[in-house]
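Colleague: Okay, handing you the structure first.
Read the figures in this text as sums done on the coordinates, not as results from a lab. Since the structure is predicted, the reported quantities are computational estimates derived from the model, not experimental observations. Cβ placement follows ideal geometry from the backbone for every residue including glycine, while neighbour counts extend to all protein chains displayed.
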Amino acid sequence: MQRIGVFVCWCGSNIAATVDVEAVAEALSHEPGVVFSANYQYMCSEAGQNLIKDAIRDHQLTGVVICSCSPRMHEQTFRKTAAAAGLNPYMVEIANIREQCSWIHKDKAAGTEKAIILGRAAVAKVHLNAPLVAGESPVTKRALVIGGGIAGIQTALDIADAGFEVDIVEKEPTIGGKMTQLDKTFPTLDCAACILTPKMVDCAQDERIHIYAYSEVEKVEGFVGNFTVTIKKKARFVDETKCTGCGLCTEKCPQKKVPNLFNLGLDTRRAIYIPFAQAVPKVATIDADYCNMLKNGKCGVCAKVCTAGAIDYKQTDQHIEEKYGAIVVATGYNPIKLDSFEEYAYAQSPDVVTSLEFERLTNAAGPTGGTLLRPSDGKHPHTIVFVQCVGSRDTSGCGKPYCSKICCMYTAKHAMLTRDKYPDTEVYVFYIDVRTPGKNFDEFYRRAVEEYGVHYIKGMVGKVAPQADGTLMVQASDLISNEQLHISADMVVLAAAIEPDKSARPLATMLTASMDTNDFFTEAHPKLRPVESPTAGIFLSGACQGPKDIPETVAQAGAAASKVIGLLSKNKLTGNPCVARSDEMLCNGCSSCEKVCPYGAISYEDKEFRMPNRTVAIRRVAKVNPAVCQGCGACTVACPSGAMDLLGFSNRQIMAEVDAICK
Amino acid sequence: MTNSQELKETLARISGVDVRKCMRCGKCSGTCPAYDEMEYHPHEFVYMVEKGEIEKLMASPSLYKCLSCFACVERCPRGVEPAKVVEAVRLLVIRQQGCNHMTPDQIPALLDEDLPQQAIVSAMRKYSK
Amino acid sequence: MQVNEGFKPTIVAFCCNWCSYAGADLAGTNRLQYPADVKIIRVPCSCRVNPLFILRAFQRGADGVILCGCHPGDCHYTTGNYYARRRMTLLFSMLDYLGIERERTRVEWVSAAEGVKFAATMNDFVSTVTALGENKRLEDLRCKAN
Amino acid sequence: MQSQLIERAKALLADGTVDRVLGWKAGEFAYDMTPALFSSAQELDEGFAYDAFCGANLSKYLVKESRKGGRVLAFLKPCDTYSMNQLLKEHRILRENVYLIGVPCQGKTDVETLRALGITSITAARQEGEDLVVETLYGQRRIPLAEAMAERCKACKGKKHMIYDERIGEEGELENPDRFGQVAALEAMSSEERFAFWRGELSRCIRCNACRNVCPACTCEQCVFDNPASGVDNKAAATSFEENMFHIIRAFHVAGRCTDCGECSRVCPQRIPLHLLNRKFIKDINTFYGEYQAGEEAEGRTPLTAYTEGDVEPSVVYTKGGND
């Protein structure tokens, strides 16, 4: 029999006004096992807590029931109080008589009666409580960052700066991500490369950071603090340790007609290539789809010219297994495909480009050397129309229902820079709304209008029609002057919506991290835990969690890093002791529990059991890994034999509560 | 219920369009081939219905300028379907002229051999709502 | 529907810790009234609720049992409420098949932000069960005698 | 057929493939064919039988037999192979320790069915073409097989074996009987009528546990109803509630796993149509989550250990008026 103490809190008048706290304490004092019962103005106050501690010691209490506010509010407080008095913290139960009683009832008699019943249920539960001790697991002091864009780079740098080892896995041959393709960055207009490449170099030079470029995550096992990840290092047919990045091979390769994806296919490169001059690692990669040597064994020029002897046509994919304590997802975004927006003639005319293509066309390292020229004829455009919200805020099924967030600002940037460099160019921006919250953002947009004379027109483009003379007829509505405009343009720039990278969905499955319907990773709490995934040990950085601009991405990257540092600086992780436990005497080994476990916490082993007449039987039984189990209880109901139970919320405890309530 | 509210509800029923989904981007009007012929343009149709100014629309010749090409329906990013609103306002006018519903049992009497099947079906679709 | 004046039903509400229990707390914080007949049992997740618990409640004299969990897709444990949904659908259908009034059982998804929905749900459920009167088809007279 | 089975069993015993045989033998009377183990040719000759009364599903016995060492031969009728697969899925039978022979079945009869046809004092029965020939103390009776078949055989899932190591006879075909007519009829009743119906049936329950003990899905190491720690232990139903609860929980525990073999109703001494509870779950599962037949596969998830994001809400029970 437990020795239970009941403590009824007044919460000032919050409880005491509609619940007769004295009557509750008195009624509960007669419950079986209750040896002490008291009421007090504020149980959570220091004096209140001392009252509990003293009672635990003086009356040798083995269980405590607090009738107070919601356990979501003060369960931790009272558990600590009990622990301080030498009682196992899991011997404390809370009866919620504030949020779920005094605050919702006006009639004092009814409130008091209900409070007594709730207290009785808690007493009935405590009778069946057992001391629980949280399990501990070690922490591998190494982090994995998946994705090497600005988000991944910043997270890795911050983690490394705190003294921990970090690996970056990047699927492209170089880290840097989307930001490497940008020309200038809003709202300050500093050049993207100038602020990004030093960070890339820092990554390469930091001995605590290891970059797996041209690699992908293939398998993830384990749990917070103890992940085992298999990384596939794709064959680049160049020995990374030997290649000096001199680039000679990329000049001599005879296969010249490979679309240059770094420039979004606006020009071509060779079959062996280094994406751009500041690539990290600066190592050549052979594109197996185009290399004549790999395709039909006829060439070998790159091997001949390479003085370092780095070319290795026989290289194969490598699989590396590494252990990590934390994983950061930084898989980023891509502009959506514009196939379903025929009205903008993107596929028909090379002069209709996406904003990212426009970035390349204005970038000094881009296909035109930074001079803005029409892709079709290489002439200077005199009229440019920018269209916003192409596929954003689109619920028709063609695009994305959300706002892509970055388009208003980069379009203002494009328009402003165009007018700055080519004042003879007329620039129109068609918008639905201009959304510029952010420091110096609205000022930036207004400068485009007021100082640079960009024509902002409220309305949408309905149709872009390529004309015989090479111009583009843009038909659009001007909602303010209530007229339909027909603009003869030389170029049209589409602000395509952005979407999570395609690699995110299979990765989420590997990580058991949840995603929303748009394939953005879900955060553990939208406001209070914005950089953590609900799956312990998985953190989110950058646009994989939602559309973000660079400052926001860097801020989130730092936040994710600090969460990782917090985790890795612990030597041991203390788990939640309310986990599932299988009674092997009852277990059938049927695998029902394993199938419903979202965490892969259940495994099976063949175990010997002594049977009557000195015989031994081998049975398959379930085993729960307490470090992985999160305590949802799905397995307990899936189990037909009742072998699986949940500590802290056991079948018998819940039934005792049911009985007490229905009495 | 006021007349305008009643019209609004009838219109919502006939057209099946929720005008509140409109985010006023104007793409319908940007796309409309008959724009210059109209007094009220596609986006105004949607907005005026929302404001309850349906009688003004019913009186406007704009109604008959819409070609029912459905370009606005095709391109609306919110799936508002302005052309269906226009069609529904036309039907409201027809209703007011007393040419009300048609029920399936009225059809046999109206048939003649030269009438194309498609016309019967369209008429049925139009007058049965 | 006839309303049983004066009849106070016993209602057990199983609420998942992460959404519905928090939704109930929010209803309290907002001082939204619902009858004291509802008594909440906190469970970690809607998937923790075993059909046995529901039958047990009826056995011991409950007149209605309601299960509240996170909205499908929002489960703290990602998939718990999906399993709960299937289990409860089949269980309730079976109870109905056995001639137990189907209105005595209910599942409602209530998020932590839906204090208003929680209170409204409970008000509605209590009035439905009150109208049905005492649970007689699935009862254990020995338990009621106590 | 019987001699063919005996010959094959003898051969497999002789060549050491198996060391014992699970089959049927006559009990007290000719019509109570009972599962039995045979470990020699002599025992087979003396006792092994396979006739129209051999309805018992042998798969459940393999849960224990397959763990005893050695290898056991079991004869499985088409419907028994579903239970076999389901038990393999649940890792209850060690596959390497069993040797399965699929045997043909034209449908089985039982004494209750024959009694209802006015046939008593049975001494033997055999199939002759489309007829069942029953020998009784009062002479021979000949009845069309379709009439003599047990209730469950009239809703036979087909003559195709789902799993076997070897098969005797031709491969059968799947059939698509109307299994849910009675369930639908109940659903069509009012709530009060259904309650009255089930009370009438379940109140006859004497808690002999025959349904549980014969059920191939009820193989728990310890049943929750026998386990004092489960909180629902209950050896004998004392109230109407407990009569209901036992059958609701039993049906729920086997939901998604029940192959609809019909053994529960076959063995019930009180003739309670227990299979109508299981079929209700099967019907609901098919309607709500798509056609599913437990035991068709030896792997995969059952409907209650799976989900889709778009599953119906429990409120379907009120709105679709599921049961009326």
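Colleague: When we measure straight from the Cα of D:Lys89, which lysines land under 23 angstrom away, once same-chain ones fewer than 8 places off are left out?
Modeller: Correct list for D:Lys89: A:Lys595, A:Lys607, A:Lys623, D:Lys60, D:Lys64, D:Lys68, D:Lys77, D:Lys157, D:Lys159, D:Lys160, D:Lys280, D:Lys283.
Colleague: Using helices alone, what [θ] at 222 nm do you get for chain D, with -39,500 (n - 2.57) per DSSP H run of 4 or more residues, divided over all residues and rounded to the nearest 500?
Modeller: -9500 deg cm²/dmol
Colleague: Select from segment D:155-242 those GluC sites (Glu not before Pro) which occupy a DSSP coil region and have at most 13 other Cβ atoms within 10 Å, ordered by residue number. Each step should come with its number before you reach the end.
Modeller: Numbers: sites: D:Glu166, D:Glu170, D:Glu171, D:Glu173, D:Glu175, D:Glu187, D:Glu192, D:Glu193, D:Glu201, D:Glu221, D:Glu242; in loops: D:Glu170, D:Glu171, D:Glu173, D:Glu175, D:Glu221.
Answer by residue number: D:Glu170, D:Glu171, D:Glu173, D:Glu175.
Colleague: Taking K and R as +1 and D and E as -1, what net charge do the other residues with C-beta under 12 Å from the C-beta of A:Leu479 add up to?
Modeller: -1
Colleague: Subtracting the Cα-Cα distance from 0.36 nm times the residue separation, let me have the gained length for A:Ser562 to A:Ser45 in nm, one decimal.
Modeller: Values: separation 517, 0.36 × 517 = 186.12 nm, distance 3.25 nm.
Between A:Ser562 and A:Ser45, full extension yields 182.9 nm more.
Colleague: If neighbour count is taken as other Cβ atoms inside 10 Å, put A:Arg72, D:Arg115, A:Arg614 in order from fewest to most.
Modeller: So the ranking, lowest neighbour count to highest, is A:Arg614, D:Arg115, A:Arg72.
Colleague: Between segment A:1-40 and segment A:219-234, what's the alpha-carbon centroid distance in Å?
Modeller: Each part reduced to its Cα centre gives a spacing of 51 Å.
Colleague: Continuing with this model, one more query. Can you sort A:His59, A:His30, B:His41, A:His127 from fewest to most other Cβ atoms within 10 Å of each residue's own Cβ?
Modeller: A:His30, A:His59, A:His127, B:His41
Colleague: Can you work out the FRET efficiency for the pair A:Asp289 and A:Glu483, with r the C-beta to C-beta distance and R0 = 35 Å, to the nearest 0.05? Walk me through the intermediate numbers first.
Modeller: Numbers: r = 50 Å, r/R0 = 1.43.
The computed FRET efficiency comes out at 0.10.
Colleague: Follow-up question, since we're still on this one. Take the Cα radius of gyration of segment A:580-647 and divide it by 2.2 N^0.38 Å, with N its residue count; two decimals is plenty.
Modeller: After normalising by residue count via 2.2 N^0.38 Å, the value is 1.12.
Colleague: Just need the Rg to Rh number for segment A:355-475, please, alpha carbons only, Kirkwood Rh.
Modeller: On the way: Rg = 14.8 Å, Rh = 15.4 Å.
Reported Rg/Rh (Cα atoms, Kirkwood Rh): 0.96.
Colleague: Ok, one more. For segment D:148-162 and segment A:196-210, what is the separation of their Cα centres, given in Å?
Modeller: 72 Å
Colleague: Taking the alpha-carbon distance from A:Lys463 and a cut-off under 26 Å, which lysines remain once sequence neighbours fewer than 8 residues away in the same chain are dropped?
Modeller: Once the sequence-local lysines are set aside, what remains near A:Lys463 is A:Lys337, A:Lys379, A:Lys400, A:Lys405, A:Lys413, B:Lys21, B:Lys27, B:Lys65, B:Lys84.
Colleague: Can you pull the percent of Cα pairs in segment A:248-305 with separation above 15 Å?
Modeller: Considering segment A:248-305, 45 percent of its Cα-Cα pairs are separated by more than 15 Å.
Colleague: Using a 7 Å offset from the Cα along the Cα-to-Cβ direction at both B:Asp18 and D:Asp165, what is the distance between the two label points in nm, to one decimal?
Modeller: 6.2 nm
Colleague: Could you calculate the contour length gain from D:Asn286 to D:Tyr138, that is, 0.36 nm times the residue separation minus the distance between their Cα atoms, to one decimal place in nm? Please report the intermediate quantities before stating the final value.
Modeller: On the way: separation 148, 0.36 × 148 = 53.28 nm, distance 4.71 nm.
Full extension of this stretch gives 48.6 nm more.
Colleague: With labels modelled as points extended 7 Å from the Cα through the Cβ direction, what inter-label distance (nm, one decimal) is found for D:Lys154 paired with A:Lys439?
Modeller: The answer from the label model is 8.2 nm.
Colleague: P(r) of the protein assembly as shown in 20 Å steps, Cα pairs, percent per bin?
Modeller: Histogramming the protein assembly as shown at 20 Å steps yields 9, 27, 32, 25, 6, 0 percent.
Colleague: Continuing with this model, one more query. Report ³J(HN,Hα) in whole Hz for each residue of segment A:226-233, in order, from the Karplus equation J = 6.51 cos²θ - 1.76 cosθ + 1.60 where θ = phi - 60°; Gly and Pro get x.
Modeller: Once rounded to whole Hz, the list reads 9, 7, 10, 10, 9, 10, 9, 9.
Colleague: Still on this model: Provide the per-residue ³J(HN,Hα) series for segment D:138-152, in order, calculated from phi with Karplus coefficients 6.51, -1.76, 1.60 and θ = phi - 60°, each as a whole number of Hz, with x at glycine and proline positions.
Modeller: 3J(HN,Hα) across segment D:138-152, in whole Hz: 9, x, 8, 10, 10, 9, x, 4, 4, 7, 7, 5, 5, 3, 5.
Colleague: Let me see the pair-distance distribution of segment C:11-145: every alpha carbon pair, 10 Å bin width, integer percents in order.
Modeller: Pairs per bin, as whole percents: 13, 44, 34, 8, 0.
Colleague: Classify chain A: rounded, prolate or oblate, from the alpha-carbon gyration tensor (a ≥ b ≥ c, eigenvalue square roots; a/c under 1.5 rounded; otherwise prolate if a/b is larger than b/c)?
Modeller: prolate
Colleague: Roughly what would the spin-label model give for A:Ile195 and A:His525, points 7 Å off Cα along C-beta, in nm?
Modeller: 3.1 nm
Colleague: If you keep only loop residues by DSSP, which chymotrypsin sites (Phe, Trp or Tyr not before Pro) in segment D:47-88 have at most 15 other Cβ atoms within 10 Å of their Cβ? Intermediate results must be reported in sequence, preceding the final value.
Modeller: Details: sites: D:Phe48, D:Tyr50, D:Phe53, D:Tyr61, D:Phe75, D:Tyr82; in loops: D:Tyr50, D:Phe53.
Sparse-neighbourhood loop chymotrypsin sites (Phe, Trp or Tyr not before Pro): none present.
Colleague: Here is a follow-up. What do you get for trypsin sites (Lys or Arg not before Pro) in segment C:78-140 restricted to DSSP loop and a cutoff of at most 16 other Cβ within 10 Å of the site's Cβ?
Modeller: Loop-located and lightly packed - C:Lys136.
Colleague: Using the beta-carbon distance between B:Gln5 and D:Ser190 and R0 = 45 Å, what value does 1/(1 + (r/R0)^6) give for FRET efficiency, to the nearest 0.05?
Modeller: 0.60
Colleague: Can you give the Kirkwood hydrodynamic radius of chain D from its Cα pairs, in Å with one decimal? Kindly include the intermediate steps, with their values, before the conclusion.
Modeller: Working: mean 1/r = 0.0474 Å⁻¹.
It works out to 21.1 Å.
Colleague: Where the centre of each part is set by its Cα atoms, how far does segment B:51-117 sit from segment A:349-424, in angstrom?
Modeller: Taking the Cα centre of segment A:349-424 as reference, the centre of segment B:51-117 is 40 Å away.
Colleague: Output needed: percent of Cα pairs per 10 Å distance bin for segment D:181-319, bins running from 0 to the one holding the longest distance.
Modeller: 10, 38, 36, 15, 0
Colleague: So, counting K/R as plus one and D/E as minus one, what does the shell of residues with Cβ under 11 Å around D:Ala238 add up to? Display every interim value, and only then the final one.
Modeller: Details: positive: C:Arg142, D:Arg207, D:Lys235; negative: C:Asp140, D:Glu242, D:Glu243.
Result for the local shell: 0.
Colleague: Starting with the fewest neighbours, write out B:Ser62, C:Ser46 ranked by other beta-carbon atoms found within 10 Å of each beta-carbon.
Modeller: Fewest-to-most Cβ neighbours within 10 Å comes out as B:Ser62, C:Ser46.
Colleague: Could you give me the ³J(HN,Hα) list for segment D:204-209, computed from phi with Karplus coefficients 6.51, -1.76, 1.60 and θ = phi - 60°, whole Hz, x at Gly and Pro?
Modeller: Values per residue, Gly and Pro as x: 7, 4, 9, 6, 6, 6 Hz.
Colleague: So how strong a dipole does the protein assembly as shown carry about its Cα centre when Lys and Arg Cβ are +1 and Asp and Glu Cβ are -1, to the nearest 20 debye? Kindly include the intermediate steps, with their values, before the conclusion.
Modeller: Details: 145 positive and 153 negative charges, 427 e Å.
For the protein assembly as shown, the charge dipole is close to 2040 debye.
Colleague: Within a Cβ distance under 12 Å of C:Arg104, other residues only, what is the Lys/Arg minus Asp/Glu net charge?
Modeller: -2
Colleague: Given H placed on each backbone N at 1.01 Å, which residues far from A:Phe386 in sequence or on other chains put an amide H within less than 5 Å of it?
Modeller: A:Tyr428, A:Val429, A:Phe430, A:Val493
Colleague: A:His382 to A:Ala468: FRET efficiency via 1/(1 + (r/R0)^6), r the Cβ-Cβ distance, R0 22 Å, to the nearest 0.05?
Modeller: Here the calculated transfer efficiency is 0.75.
Colleague: Add -39500 (n - 2.57) for each DSSP H run of 4 or more in chain A, then divide by its residues: what number comes out at 222 nm, to the nearest 500 deg cm²/dmol?
Modeller: It lands at -8000 deg cm²/dmol.
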